[in-house]
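I have placed the structure first, in the form of C-alpha cells, so that the comments after it can refer back to it.
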Amino acid sequence: MKKVNKNDDKIDRNIKVAIIGLGYVGLPLARLFATKYSVVGFDINESRIASLKSGTDTTLEVDDVTLQKVLVDNAYQDTGLYCTSSLNDLAACNYFIITVPTPVDKNNRPDLTPLYKSSESVGKILKKGDIVIYESTVYPGVTEEQCVPVLEKISGLTFNEDFFAGYSPERINPGDKEHTVEKILKVTSGSTLEIGLKVDALYKSVIIAGTYLAPSIKVAEAAKVIENSQRDINIAFVNELAKIFNLMGIDTQEVLTAAATKWNFLPFKPGLVGGHCIGVDPYYLAQRAQEFGYHPEIILAGRRLNDSMGEYVASQIVKLMIKKGISVNGANLLMLGITFKENCPDVRNTKIVDVVKALKEYGILVTIFDPLANANDVKKEYNLITINSIPNDKFDAIVLGVAHAEFLKLNFSELQKEDSLIYDVKGVLGAIADNRL
C-alpha cells in the first residue's frame, strides 16, 4: 500500500513538470519532483534515455533503487518520472525546467548553444499560461535577453502575457551524497511578482532546506555566477601560496592547518580546478563585465593562475623524479584518476588532462587508471586512453590525481618499482606519499 504524505493534499495535481536535460543536474531534480508531481524527463541523448528507462543512472547521482521507485511507463500519472527523447511527450506540461550545460569554447568564451537549442525545443510546444524556468548557470541577463526572445520567436507567444519565465540556479555538487538537491537551499525568481511566488512555491514543495525568492531574475543569475567565481578566486589564492611555500621548503598543508585555528579563516585547499562550474563560471561573469566596458582583473587573474596549475604540478613531479634519480624520458607513470573530482564519473573540463599533456611532453609514458570514468568519453573528448582495472605493471612514478575512495584502499607497494615516486595532488595519502601539492 502506498504511504500517503500528510502534505500531499497541498500538491496541485494540475501541475505537470518537464525537465529538459537529464544530466548531473536534471536527473536528481526530476527524481525529486517525481515524488510529488507528474514529471516528464527529456533528453536528446537516446542512449541516456534507454539507460534511465532500464533503471540505471550512469552519472551515479541517483542510485538505481531510488530511480526505479519513481519511474513510470506512461506520462502524466499523478506522480512519477517518465523519460523520453520525444519532444511531443512534453506537450501537456505547464512547467518547463531547463537544466542543460553552459560550457565555454576553446577560447573560454561562453557557449550558449545548448540553451538556445533547448529554448527552441520548448518554444515548439509552449502554450498560453506556461512557465519556463532556467537552472543553467549564466551571466546576468541571459534568461530574459537571450532565451526569452527565442521562446517568443518559435512559439509566437508574448512574454509576460501569454507565457512567463523563472530562474532558479542549480546547486548540485556532483558525487556529494550528503548535500543532495533537496537539502540545499534553493534560490528562486520569476519574471513577475506573481510568477516568482509560483516558482518559489513549486520548489518549496520539494526542497527540504527551503527557498529564497530573489527580487528579480537578474539578481538570481548574478548570485549563482558569483558563488563559483568566489570559490575560484579563493582556490587561486591558496594555489599561489602553494607555489610560494614550495620555493621556501614549507609544507602548504601544514600552514593551512595552522591558519585554520583562527575562527574566521576560510578552509580552502590548493588543487586543480576543473569541472563544469568553478572552472567555467568566472568566464561567464568576466564576459558580461567586458560587455559593459569593465575588465575584471581579480576574476581573470584567478582563472589564469588556476589554469596554470596542471603544468605546474607536472613540473614538480619531474623535479622530484630527477632528485630520486629516476630517468624522466621513457619513465612509466601511473596517473590515478581522470575525472574532474573524486567519486564522480564526470570528465568534463577535467584539469588532469593538463597534467598528463605536460608529463608526456617530458617524454614520460603515462598510464591513466580510473574505475569511474567512461573510457569512450575520455577518448572522444581528450583522445586519451584510460583503463578501468588495476594494472599489473610496476611504475617509476605514481600520481594520485583524483581522490576516489577506491584509490585510498590501494596497496601502493604492489604498483611501485624500487625507489619510485608517489606524488599526492590531493593531499590525502599521508606518509606514503613522497610529496604533495
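The values are calculated or read from the model by the stated rules, or taken from the named source; none is laboratory data. Computed from a predicted model, the values in this text were never measured in an experiment. Neighbour counts run over all protein chains shown; Cβ positions are idealised from the backbone, glycine included. Each accessible area value is taken on the protein alone, full model and side chains, heavy atoms only, with ligands, DNA and RNA left out. Shrake-Rupley method; radii C 1.70, N 1.55, O 1.52, S 1.80 Å.
What residue, among those in region 167-216 that are open to solvent by 20 Å² or more (accessible area, probe 1.4 Å) and among the basic types (K, R), is farthest from the chain's Cα centre (by Cα)? The extreme case among them is K198. Listed here are the helices (runs of 4 or more DSSP H) enclosed by region 190-293 that have at least 1 residues being within 19 Å of V142 (Cβ to Cβ) and without any contact (Cβ under 8 Å) to a residue 60 or more places away in the chain: 193-204, 217-248, 281-291.
Scanning region 161-189 for residues that are under 16 Å from K218 (Cα atoms) and free of Cβ contacts under 8 Å to residues at least 40 places away in the same chain returns F164, K186, V187, T188, S189.
Of all the criteria given as (1) surrounded by fewer than 19 Cβ atoms within 10 Å (Cβ to Cβ); (2) out of contact with any strand residue (DSSP E or B) (no Cβ under 7 Å at 6 or more places or on another chain); (3) touching a residue at least 40 places away in the same chain (Cβ under 8 Å), the one not satisfied by V65 is (3).
Quick test for you: out of R13, R31, R109, pick the one residue that is buried (at least 23 other Cβ atoms within 10 Å of the Cβ), touching a residue at least 40 places away in the same chain (Cβ under 8 Å) and among the basic types (K, R).
Exactly one residue qualifies, and that residue is R31.
In region 156-165, is there at least one residue being closer than 22 Å to C93 by Cα and either under 28 Å from the mean Cα position of the chain (by Cα) or at pLDDT below 95 (or both)? Within region 156-165 (the criterion being closer than 22 Å to C93 by Cα and either under 28 Å from the mean Cα position of the chain (by Cα) or at pLDDT below 95 (or both)), the answer is yes, since at least one residue qualifies.
Based on this model, can you work out whether L266 counts as among the aliphatic types (A, V, I, L, M), touching a helix residue (DSSP H, G or I) at 6+ places or on another chain (Cβ under 7 Å) and more than 14 Å from M309 (Cβ to Cβ)? First the steps, then the outcome.
Details: among the aliphatic types (A, V, I, L, M): yes; touching a helix residue (DSSP H, G or I) at 6+ places or on another chain (Cβ under 7 Å): yes; more than 14 Å from M309 (Cβ to Cβ): yes.
So L266 fits the description; yes.
Within region 410-437, track down each residue that is in contact with a Phe, Trp or Tyr (Cβ under 9 Å, 6 or more places away or on another chain), in a strand (DSSP E or B) and either open to solvent by 70 Å² or more (accessible area, probe 1.4 Å) or among the polar types (S, T, N, Q) (or both). Q416, K417, S420, N435, R436, listed by residue number. Looking across region 16-44, the residues that are in a loop (DSSP other than H, G, I, E, B) and of a type outside the set (S, T, N, Q) come down to G21, L22, G23, Y24, V25, A34, K36, Y37, D43, I44.
Sub-8 Å Cβ pairs linking a first residue in region 407-431 that is at positive phi to a second residue that is open to solvent by 30 Å² or more (accessible area, probe 1.4 Å) and assigned to a strand (DSSP E or B), at least 6 apart or interchain, are G427/R436, ordered by first then second residue. Answer yes or no: is there a residue in region 354-370 that is more than 26 Å from V104 (Cα to Cα), open to solvent by less than 50 Å² (accessible area, probe 1.4 Å) and part of a helix (DSSP H, G or I). Taking every residue of region 354-370 in turn, none turns out to be more than 26 Å from V104 (Cα to Cα), open to solvent by less than 50 Å² (accessible area, probe 1.4 Å) and part of a helix (DSSP H, G or I). Counting only residues that are hydroxyl-bearing (S, T, Y), within 22 Å of G330 (Cα to Cα) and within 26 Å of the chain's Cα centre (by Cα), region 341-381 holds 1 of them.
Among the conditions (1) at negative phi; (2) at pLDDT 95 or above; (3) not in a strand (DSSP E or B), G129 misses just one, which is (1). Among the residues of region 127-138, the one identified as in contact with a helix residue (DSSP H, G or I) (Cβ under 9 Å, 6 or more places away or on another chain) and open to solvent by 20 Å² or more (accessible area, probe 1.4 Å) is K127. Each residue in region 383-409 was checked for being in a loop (DSSP other than H, G, I, E, B) and open to solvent by 30 Å² or more (accessible area, probe 1.4 Å), and 10 of them qualify. Going by the structure shown, is G141 open to solvent by less than 10 Å² (accessible area, probe 1.4 Å), touching a Lys or Arg at 6+ places or on another chain (Cβ under 8 Å), modelled with pLDDT of 95 or more and over 22 Å from A30 (Cα atoms)? Considered against the rule, which asks whether it is open to solvent by less than 10 Å² (accessible area, probe 1.4 Å), touching a Lys or Arg at 6+ places or on another chain (Cβ under 8 Å), modelled with pLDDT of 95 or more and over 22 Å from A30 (Cα atoms), G141 comes out as yes.
With respect to the conditions (1) in a loop (DSSP other than H, G, I, E, B); (2) touching a helix residue (DSSP H, G or I) at 6+ places or on another chain (Cβ under 9 Å); (3) open to solvent by 10 Å² or more (accessible area, probe 1.4 Å), L60 falls short on a single one, namely (2).
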